[in-house]
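Heads up: the structure comes next, in structure tokens.
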Amino acid sequence: MNAIKSFAAFLYDFIVGDDWRMSLAVVLGLAATALAVHSGFNPWWLVPLFVAGGLGISLRRVVRKNGGS
Amino acid sequence: MNASAWGLLLSSFLASAVETVEAFTIVLAVGITRDWKSTLLGVLAALGVLAALVALLGPGLVAIPINVLRLVVGALLLVFGLQWLRKAILRASGYKAMHDEVAIFAREAAEARENPPADPSAFDQYAFSLSFKGVFLEGLEVVFVVLTFGAIHGNIPLAALGAAIAVGLVVIVGLAVRAPLSKVPENTVKFTVGIMLTSFGIFWGAEGAGVTWPGNDAALLAIVVVTALGALASAAAMKREREHGLAVAA
């Protein structure tokens, strides 16, 4: 059981890394894009928007933690 | 060879080079302070496991339908690339310490000296484990890049070639200087790899979700440029903000 837990923790750290919010932004961006395509749109800008938003939020959190605005 | 193939070769080369530099530092520290034979056995064992992973997973990945592959690989490259890019931006702006191979070498060597082997002529389990872990963990990232990039281009051997050239080059230079390769601009390389992984992830992920990019494949170049400019601008703005904060505090 410990080995499974350790492996799961390793996988989480390997794939998700330091901030799960960026991974969530990626999943939401791709899901929203697939839904929009299914509804007949071509939202090529949606994934870049979610990616920039996810990374921006993550970086902003680090700045705030270190006393920034 | 077309531009896409060169992109594949370059991405796999850069990602592999930077990971090999990190693994080399650990192996060198353990080998010098403990026992070279056990250390090199650890390296060989890790390389064997990594090669087996590529051989096992590679054919399966290539067999996945292209749109599913683009979506899955795109998502993985994005979460992975964003981690690299985030760390590189934090290092470039001063919010995270730069990767210092000399300091890592000193720390690893000090730890290895703390528990000397009882019988110096016997197999050194500590040296084997440490070098195996170092090479396997750094190598896993290389395997990830080789498999994902290679699978989506339908050319895993070319991606593996880029990785092999990088590993060979780093090992040859490392053995020649017999010191940690501290002069390799690791953060710049990681910044570049982060931009490449994120850009390819955006392109393939969106395509896998069903999007048609304006300009088709030419859109990839625009994504790379916009991602690079955005990342550089973020790093510069955060650096300014940090320096302003330090000046106010002083």
Can you put B:E19, B:E243 in order, fewest other beta carbons within 10 Å first? B:E243, B:E19
When the helices in chain B are scored as -39500 (n - 2.57) per DSSP H run of 4 or longer and the sum is shared across all residues, what 222 nm value do you end up with, to the nearest 500 deg cm²/dmol? -29000 deg cm²/dmol
Using only Cα atoms and rounding to the nearest 10 degrees, what angle (0 to 90) does helix B:219-249 make with the longest principal axis of chain B? 60 degrees
Please give every one of the lysines within straight-line cross-link reach of B:K37, meaning a C-alpha to C-alpha distance under 21 Å, and leave out same-chain neighbours fewer than 8 residues apart. B:K133
Lys, Arg +1 and Asp, Glu -1 on Cβ, resulting dipole of region B:3-249 about Cα centre, debye, nearest 20: 400 debye
Which FRET efficiency, nearest 0.05, do B:L169 and B:L246 yield, Cβ-Cβ r, R0 41 Å? 0.60
Checking A:V37, A:V51, A:V26 against a Gaussian network model of chain A (alpha-carbon springs below 10 Å), the top fluctuating residue turns out to be A:V37
Return the single residue from B:E111, B:E141, B:E22 with maximal mean-square fluctuation; model: Gaussian network over chain B, springs between Cα atoms under 10 Å. B:E111
Among B:A97, A:A34, B:G230, the residue whose Cα sits farthest towards the positive end of the charge dipole of the protein assembly as shown (+1 at Cβ of Lys and Arg, -1 at Cβ of Asp and Glu, taken about the Cα centre) is B:G230
Kirkwood hydrodynamic radius, computed over distinct alpha-carbon pairs, for the protein assembly as shown: how many Å, to one decimal? 21.0 Å
Hey, what did region B:3-249 get for relative contact order, percent, Cα under 8 Å, at least 6 apart? 41 percent
At a Förster distance of 35 Å, what's the computed FRET efficiency of A:L11 paired with A:S39, Cβ-Cβ distance as r, to 0.05? 0.55
Between Rg and the Kirkwood Rh of chain B, both from Cα atoms, what is the Rg to Rh ratio? 1.03
Taking the Cα centre of the protein assembly as shown as origin, sum charge times position over the Cβ atoms of Lys and Arg (+1) and Asp and Glu (-1), and report the length of that vector in debye to the nearest 20. 740 debye
Mind checking the alpha-carbon convex hull of region B:93-224 and giving the volume per residue in Å³? 170 Å³
Where only alpha carbons of chain A are counted, the Rg and the Dmax (Å): 16.0, 47
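All of the numbers you see were taken from the coordinates with simple rules; none came from a lab. None of these values were measured; they are calculated from a predicted model. Backbone-built Cβ (ideal geometry, glycine too); neighbour counts: all protein chains shown.
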